[in-house]
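Heads up, the thing below is written out as structure tokens.
What follows is calculated from the coordinates using simple rules that are stated; it is not laboratory data. No experiment lies behind these values; they were computed from the predicted model shown. Cβ placement follows ideal geometry from the backbone for every residue including glycine, while neighbour counts extend to all protein chains displayed.
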């Protein structure tokens, strides 16, 4: 899963798509709107969304005639935890500075939004 997710995010349009979807949580964004926002043909956007979905970091839901896409934050969480655990090898001294850097970026719900 990690290789597929990292490969999916290594492409500029897919990375920008994922970033937009994270910002749009929990509402999501219709596929056509994503294509418009990123100035990408709809068929190209469909291919990018399929890649992100197969990688486990984007999910979709049909609502009437639209397909709404959302960031799969649980999939992204799993990827992030895998990278932390794998790269740090369980060594808390190695992981602590990275975790400290992540903490101020993402305050709990109800507090001020992320600065970056």
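Brief remarks on what is shown
- Highest mobility in the GNM of the chain, judged by mean-square fluctuation with C-alpha springs under 10 Å and restricted to 56, 32, 75, is found for 32.
- R0 of 41 Å, Cβ-Cβ distance residue 50-residue 101: FRET efficiency to nearest 0.05: 0.80
- In terms of other Cβ atoms within 10 Å, 33, 61 run from fewest to most in the order 61, 33.
- Kirkwood analysis of the stretch 26-73, using all unique Cα-Cα pairs, places the hydrodynamic radius at 10.7 Å.
- Measuring nothing but how far apart in sequence close Cα pairs (under 8 Å, 6+ apart) lie, relative to its length, the chain scores a relative contact order of 24 percent.
- Rounded if a/c under 1.5, otherwise prolate or oblate - the stretch 1-50, Cα gyration tensor axes: oblate
- Within the chain, helix-based [θ] at 222 nm, where runs of 4 or more DSSP H residues each add -39,500 (n - 2.57), nearest 500: -18000 deg cm²/dmol
- Among [x] 40, 34, 25; [y] 76, 32, 21; [z] 49, 33, 23, the entry derived from the coordinates for Cα extents along the principal axes in Å: [z]
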